[in-house]
Amino acid sequence: MQPLHLCNLNCWLPSPPSSPVGHLLKAPSSLSLATMTPSSLLLGACRTLVIFQLLACCLLPLGAQSQSQEFSLQMEPQDPVLPAGRSLLVNCSTSCPRPELITLETSLPKEVIDEDQSWAAFRLSNVTGDSKIICSAFCNGSQMTSNSSITVYRFPELVELDLLPPWQPVGENLTLQCHVWGGAPRAQLTLVLLRGEEELSRQPAVGEPAEGTATVLAGRGDYGAKFTCRAELDLRPRGLGLFQNTSAPRQLRTFVLPMAPPRLVAPLSLEVGTSWPVDCTLDGLFPVSEAQVQLALGDQMLNPAVTIHGDTLRATATVTARADQEGAQEIVCNVTLGGESREARANLTVFTFLGPILNLSETNVTEGSKVNVSCMAGPRVQVMLDGDLARAPGEPAQLQVTATEGDDGRYFFCNAILEVDGEVLHRNVTVQLRVLYGPKIDPAKCPQRLAWKDRTSHILQCEARGNPVPQLQCLHEGSRREVPIGTPFLVKLHHNGTYHCQAVSPRGTYTLLVVMHVQDRNSFVVSILMGVLVILGVVTAIVALICIFGKQTRSGIYHVNQQHTSLPLRPVQPKEAVELEQS
């Protein structure tokens, strides 16, 4: 396209002296015709003159065009980049020696702030978007132009990372989503998703709002990790810097909760008013410190003591059965982590076990008295008294005894049996009977004849029985001297004699005679000597008999049997010898 050229057309028309008939208006940017007053006389001459000037104007550019191409028009700054809403100072300058009409063509609000023959400065206000601007000037009738592009940049208005789940299971994928509102130019805007300082994804900003996503496999190491979204406006190719805008961080919590239920250890049955420990354990938790555990008996919440060892959580509590809980109940252990729960339940029977109650009509009776014994317990309880079962559960067992000496100290035994959920429970009670009877001395435990030596130490063993326990003493029949019982004492000759051993109690007196024979030491020596003499006499008689018998043997007669010469000889006994002599 050829530039426009300035062509001035002048036409002079005669007019009255008071006012000009007409004048020519200069229009540098377009051709303008003169406004003329109507005149029939001079109209043809003026038209001829205009045609002539038009021909001259059309031929003139052919020589001026070659001269204008030697000059240039510059615009500063060239392709500027500026923040939205700012003002821009633009300078248009030319090397043409006599330029005309230096101007700036733009759709933006502008004002001329200064100008000279070869330049003009303009201020563009409130630049909010990308725009094209053109500097224009005329040199020797030819138009010169210089183009430039204004690039406006905006920082993102909002960079936001979507909320993370409160808990993320380990081993499952987690999708991160980031949204960015605003920001220009979009070609230089990038969305970056980060885990700490680790870059997970980098994506161009597309759409409004721009969206970026990244998927990560959650692990135990991601517990407590912080994720962010960063918008990067890179204007370094345009001579500016790298501008970053980061979202608020989101912290992730990962967890591991095994599918297996907790291990619950609890009693099968519990009696009202009694307590028992309950234990609940779950392994493989992460993070175990974040796990919550609850223990309950029915609607009664327990207060467990929680301990942690490695990835194992253990809760221990003491459960106490109340009367209003009697019957079938349930113990529940609930472990919660990451919004999920694992639960274990155990059945518990709360029961009441009354008794057994063992009653004796009297616990202290006299010998020969009648004693009534009864054993009873609560409902559904089978009782047994001294091995005899009651007729039915809930009924008492009874017996009657006549108290004898042998019943003193006797224990009556009552056993109560209750079956709870297949488990047989036993409870026992015993009561002792005391029978009052008179004193007695057992002859087997109190020897009635004693033979002791003078000046030797001995113990008199003698026992008495009775209820109440009798006092026992042994007194000499003549001197009333008392001999110790059950303790060692030195026996002398004056202890010889008969003793009255008496057992005395409020129930009566029992006497047993004991004869004590004390031998003198001298009589003992005489007895030894007499024994020695007797032994010597016996020995002497035996020796004499042996001598006589031996002499008779040596004087025996031997006969030879003529018929049996081969038989050996044998000695003839004295009797046979006498018979032979007689024959």
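The values are calculated or read from the model by the stated rules, or taken from the named source; none is laboratory data. Given the structure is predicted, the values throughout are model-derived calculations rather than measurements. We place every Cβ from the backbone using ideal geometry, glycine too, and count neighbours over all the protein chains shown. Just the protein is used for accessible areas: all its heavy atoms, side chains included, with ligands, DNA and RNA removed. Shrake-Rupley method; radii C 1.70, N 1.55, O 1.52, S 1.80 Å.
What the table shows:
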{"read-out": "Any hit, region 87-104, residues being at positive phi and at pLDDT 55 or above", "value": "yes"}
{"read-out": "Residues of region 339-360 satisfying the condition of being open to solvent by 50 Å² or more (accessible area, probe 1.4 Å) and touching an Asp or Glu at 6+ places or on another chain (Cβ under 7 Å)", "value": "ARG345, ASN347"}
{"read-out": "Region 430-446, residues that are open to solvent by 20 Å² or more (accessible area, probe 1.4 Å) and either acidic (Asp, Glu) or under 60 Å from the mean Cα position of the chain (by Cα) (or both)", "value": "THR430, VAL431, GLN432, ARG434, ASP442"}
{"read-out": "Residues located in region 84-104, provided they are open to solvent by 30 Å² or more (accessible area, probe 1.4 Å) and closer than 19 Å to TYR153 by Cα", "value": "ALA84, GLY85, ARG86, SER87, LEU89"}
{"read-out": "Complete set of residues in region 280-299 that are without any contact (Cβ under 8 Å) to a residue 40 or more places away in the chain, assigned to a strand (DSSP E or B) and open to solvent by 50 Å² or more (accessible area, probe 1.4 Å)", "value": "none"}
{"read-out": "From PHE52, PHE71, residue being surrounded by 17 or more Cβ atoms within 10 Å (Cβ to Cβ), modelled with pLDDT under 90 and not in a strand (DSSP E or B)", "value": "PHE71"}
{"read-out": "Contacts under 7 angstrom Cβ, first residue in region 479-494 being under 16 Å from VAL514 (Cβ atoms), partner in a loop (DSSP other than H, G, I, E, B) and among the polar types (S, T, N, Q), 6 or more apart", "value": "GLY486/GLN461"}
{"read-out": "Residue ID - nearest to PRO169 (Cα to Cα), chosen from residues in region 312-338 that are among the polar types (S, T, N, Q) and either assigned to a strand (DSSP E or B) or open to solvent by 50 Å² or more (accessible area, probe 1.4 Å) (or both)", "value": "THR336"}
{"read-out": "From the options ARG427, ARG449, ARG465, residue that is within 30 Å of GLN519 (Cα to Cα) and open to solvent by 70 Å² or more (accessible area, probe 1.4 Å)", "value": "ARG449"}
{"read-out": "Residue ID - nearest to LEU513 (Cα to Cα), chosen from residues in region 403-424 that are open to solvent by 70 Å² or more (accessible area, probe 1.4 Å) and assigned to a strand (DSSP E or B)", "value": "ARG410"}
{"read-out": "Options PRO277, PRO267; residue that is under 29 Å from VAL424 (Cα atoms), over 14 Å from the mean Cα position of the chain (by Cα), in contact (Cβ under 8 Å) with a residue 40 or more places away in the chain and surrounded by 17 or more Cβ atoms within 10 Å (Cβ to Cβ)", "value": "PRO267"}
{"read-out": "Test: residue in region 181-199 that is surrounded by fewer than 19 Cβ atoms within 10 Å (Cβ to Cβ), without any contact (Cβ under 8 Å) to a residue 24 or more places away in the chain and part of a strand (DSSP E or B)", "value": "yes"}
{"read-out": "Checklist (1) more than 30 Å from THR106 (Cα to Cα); (2) assigned to a loop (DSSP other than H, G, I, E, B) applied to THR175, failing item", "value": "(2)"}
{"read-out": "Among residues of region 124-142, those that are free of Cβ contacts under 8 Å to residues at least 40 places away in the same chain and of a type in the set (Asp, Glu), counted", "value": "0"}
{"read-out": "Conditions (1) open to solvent by less than 70 Å² (accessible area, probe 1.4 Å); (2) among the hydroxyl-bearing types (Ser, Thr, Tyr); (3) at pLDDT below 90: number failed by SER505", "value": "(3)"}
{"read-out": "Test: residue in region 325-333 that is within 13 Å of the chain's Cα centre (by Cα) and in contact (Cβ under 8 Å) with a residue 24 or more places away in the chain", "value": "yes"}
{"read-out": "Criterion violated by VAL371 - all others in (1) in contact with a Cys (Cβ under 9 Å, 6 or more places away or on another chain); (2) open to solvent by less than 40 Å² (accessible area, probe 1.4 Å); (3) among the aliphatic types (A, V, I, L, M) satisfied", "value": "(1)"}
{"read-out": "Sole exception among (1) open to solvent by 50 Å² or more (accessible area, probe 1.4 Å); (2) under 30 Å from TYR510 (Cβ atoms); (3) in contact (Cβ under 8 Å) with a residue 40 or more places away in the chain for SER457, by number", "value": "(3)"}
{"read-out": "Those strands (runs of 3 or more DSSP E) lying entirely in region 339-398 with at least 1 residues touching a residue at least 12 places away in the same chain (Cβ under 8 Å) and farther than 25 Å from GLY422 by Cα", "value": "340-351, 357-360, 364-366, 370-376"}
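For (1) of a type in the set (Gly, Ala, Ser); (2) open to solvent by 30 Å² or more (accessible area, probe 1.4 Å), each residue gets a yes or a no:
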{"residue": "THR106", "(1), (2)": "no, yes"}
{"residue": "ASP114", "(1), (2)": "no, yes"}
{"residue": "ALA120", "(1), (2)": "yes, no"}
{"residue": "CYS135", "(1), (2)": "no, no"}
{"residue": "LEU163", "(1), (2)": "no, yes"}
